[in-house]
Amino acid sequence: MQFDPPLEEAILIKRYKRFLADIKTATGEILTIHCPNTGSMLNCMSEGCRIWFSRSTDPKRKSAGSWTLSETPQGRLACVNTHLANKLVEEALQRGVIKELLGFNQLRREVKYGQENSRIDFCLDYPNKTTTYLEVKSVTLGYDNSDIAAFPDAVTSRGSKHLRELAELAKQGTNTVLLYCVNLTNISAVRACKEIDANYAKTLQLAHQAGVKILAYSCNITPQEIAVTKSIEVILDS
């Protein structure tokens, strides 16, 4: 996926009210842009770091653009726009990058399912009349001196709910997959962040035991483009 319009580089002044960030562009402009990330963004930004944003040309829009990439304190690039994860995974599915999910003949988005009023990111229908339910999570939490990323970066009751829903389907014999889209460079594995959300980590383990397949794929990220590239390890507690 190429960034269109092209991203512009800037310096982060501060992020505030979750969805806003003040930045200073290369030409010295001070702008307020939208932050499309509801998480804590732990370890993927710091005041004074380099960021890349897309400038808006809509005169009715309140903010000047949207924050897309961040240079982390560990020197990695992170795609902080969580809305891009599903687009990246869909692109990878269509290109055959995700080897565990090849062969579908129909892809459906945002399908209602489950007992807790949920929507699955993708339903993949196969010629043999089976369907795979696929939930995608964007990972941006990395650490110093480690190439293992973690999810979530804040307590996520919604994430636990999705795991429960997938587990119930798996118990009924339905193919279910949770895919971590790792929007962070130089990462070789993903784990549950039990020090932030112990309940999520426990629910992930229970979902795995119920038959939910847990996958993780890393992304190649530059200020010009981003793409899902390869499978990486998922570390699950025994």
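The values are calculated or read from the model by the stated rules, or taken from the named source; none is laboratory data. Bear in mind the structure is a predicted one, so any value in this text is a computation, not a measurement. In this analysis, Cβ positions are derived from the backbone assuming ideal geometry, glycine residues included, and neighbour counts consider all displayed protein chains. Accessible surface areas use protein heavy atoms only, side chains included; no ligands, DNA or RNA. Shrake-Rupley method; radii C 1.70, N 1.55, O 1.52, S 1.80 Å.
Only residues that are open to solvent by 50 Å² or more (accessible area, probe 1.4 Å) and part of a helix (DSSP H, G or I) were counted in the stretch 187-210, giving 6. Restricting the search to the stretch 82-116, which residues are polar (S, T, N, Q) and either in contact with a Leu (Cβ under 8 Å, 6 or more places away or on another chain) or closer than 14 Å to Leu169 by Cα (or both)? Correct list: Gln94, Gln106, Gln115.
Residues in the stretch 46-70 that are part of a strand (DSSP E or B) and open to solvent by 50 Å² or more (accessible area, probe 1.4 Å) were compared, and the one that is farthest from Thr222 (Cα to Cα) is Arg55. When we screen Val89, Val97 for residues that are within 19 Å of the chain's Cα centre (by Cα), surrounded by 13 or more Cβ atoms within 10 Å (Cβ to Cβ) and not in a helix (DSSP H, G or I), the only hit is Val97.
The residues on offer are Gly159, Gly142, and the sole one that is crowded, with 22+ Cβ neighbours inside 10 Å and closer than 15 Å to Ser40 by Cα is Gly142.
Taking first residues from the stretch 166-184 that are under 22 Å from Phe151 (Cα atoms) and partners that are of a type in the set (Phe, Trp, Tyr) and open to solvent by less than 10 Å² (accessible area, probe 1.4 Å), the Cβ contacts under 7 Å between residues at least 6 apart in sequence or on separate chains come to Leu179/Tyr217; Cys181/Tyr217; Val182/Tyr217.
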